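K.L.:
Could you have a look at this structure, given as structure tokens, before my questions?
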Amino acid sequence: MGFFDFIADMEAYRDHNQPVARLNARQAMIVQPFADEIRGARVLDLAAHDGRWSYALAGAGAAQVVGVEARQELIDIFPSFPDADLRARVELRCNDLYDEIDSEARKGVTYDVVAVYGILYHLMDHFRLFQALRKLGPKLVIVDSEFMRRPGPMIQLVKERTDNVLNAAPQIEGQKVAVKGVPSFKAMEVMAEVLDYRIDWVDWEAVPEGRRKGVMDYYRETDMRRGTCALRPL
């Protein structure tokens, strides 16, 4: 049994590729290893999509999860998630993630944990994001993203369509193609270093080959590979 087995019965996931295997495998690596720090915590989930990771963070014991998502039609899916007790610990807000972070900081709101799942490589201003998150005082920032495998600290610009809900949201009204920046692994380490974060990479190689169904993007030998890291303030 996996946490996300219920996804198989949801209409919103009918046309996704191996959604149950993928989400369960990722939950085991980007949520469960941090369960001790998530338990009882106030958590911010950026680019929360339909609330699936907010729900998983609540399932890991978070006291409260605030998810921020730019597309209201995705937020509208969340009430169909099955566990009412977990849903009750989640608040999804439709807003630009930078606007939400800045607003919370101005009000003096703090979070124990911030989840940056699947959004970093859809952005252009990565450093601003981590600099802004510093003001919320998190003890842990979990980043799961695509990264360039090139050896130096660089960010590669890539264009993608905005009509795919898994891609970047429009950056200007009516925009059909957005530009995003994909940082290298080394670029992530440099940003963490100058913001006084210790960075620890999750070892995806520890997953046995027979249990990698749906997550082969974490094992690509091409220029871009997905990876996960944890940032903790020094």
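K.L.:
So which lysines can residue 135 reach, going by Cα to Cα under 30 Å and dropping same-chain residues fewer than 8 places off?
P.N.:
107, 180, 186
K.L.:
What part of the accessible area of region 25-111, given as a whole %, is carbon or sulfur when the probe is 1.4 angstrom?
P.N.:
Of all accessible area on region 25-111, carbon and sulfur atoms account for 45 percent.
K.L.:
How much length would be gained if the chain were fully extended between residue 15 and residue 205, taking 0.36 nm per residue of separation minus their Cα-Cα distance, in nm to one decimal?
P.N.:
In short, 65.5 nm is gained.
K.L.:
Continuing with the same structure: Which of the aspartates and glutamates could a cross-linker bridge to residue 213, judged by Cα under 20 Å and excluding same-chain residues fewer than eight apart?
P.N.:
Cα-Cα hits under 20 Å: 5, 9, 15, 144, 146, 203, 205, 221.
K.L.:
How many angstrom lie between the C-alpha centres of region 120-160 and region 14-42?
P.N.:
Answer, in whole Å: 20.
K.L.:
If contacts are Cα pairs under 8 angstrom and at least 6 residues apart, what is the relative contact order of the chain in percent?
P.N.:
Averaging sequence separation for qualifying contacts and normalising by length gives 18 percent for the chain.
K.L.:
Quick check on region 101-234: what are the equivalent-ellipsoid semi-axes from the Cα gyration tensor, as sqrt(5λ), descending, whole Å?
P.N.:
On the way: eigenvalues 112, 92, 41 Å².
Equivalent-ellipsoid dimensions as semi-axes: 24, 21, 14 Å.
K.L.:
In whole Å, what is the distance between the alpha-carbon centres of region 96-115 and region 186-228?
P.N.:
Taking the Cα centre of region 186-228 as reference, the centre of region 96-115 is 25 Å away.
K.L.:
List the residues of region 95-112 whose backbone N lies under 16 Å from a point placed 7 Å from the Cα of residue 135 along the Cα-to-Cβ direction.
P.N.:
Only 96-111 pass the distance filter.
K.L.:
Under a 1.4 Å probe, what is the accessible area of the chain per residue, stated in Å²?
P.N.:
47
K.L.:
Expressed as a whole percentage, what fraction of the accessible surface of region 155-206 belongs to carbon and sulfur atoms when a 1.4 Å probe is rolled over the protein heavy atoms?
P.N.:
Details: 1630 of 3060 Å².
So the carbon and sulfur contribution to the accessible surface is 53 percent.
K.L.:
Using the Kirkwood formula on the Cα atoms of the chain, what hydrodynamic radius do you get, in angstrom to one decimal?
P.N.:
Final number for the Kirkwood radius of the chain is 18.1 Å.
K.L.:
Also, quick follow-up: Bin width 10 Å, alpha-carbon pairs only: give the P(r) of region 50-151 as whole percents, running from 0 to the bin holding the largest distance.
P.N.:
Going out from 0 Å in 10 Å bins, region 50-151 shows 14, 45, 33, 7, 0 percent.
The values are calculated or read from the model by the stated rules, or taken from the named source; none is laboratory data. These numbers come from a predicted model, not from an experiment. In this analysis, Cβ positions are derived from the backbone assuming ideal geometry, glycine residues included, and neighbour counts consider all displayed protein chains. These accessible areas exclude ligands, DNA and RNA; they are computed on the full protein's heavy atoms, side chains included. Shrake-Rupley method; radii C 1.70, N 1.55, O 1.52, S 1.80 Å.
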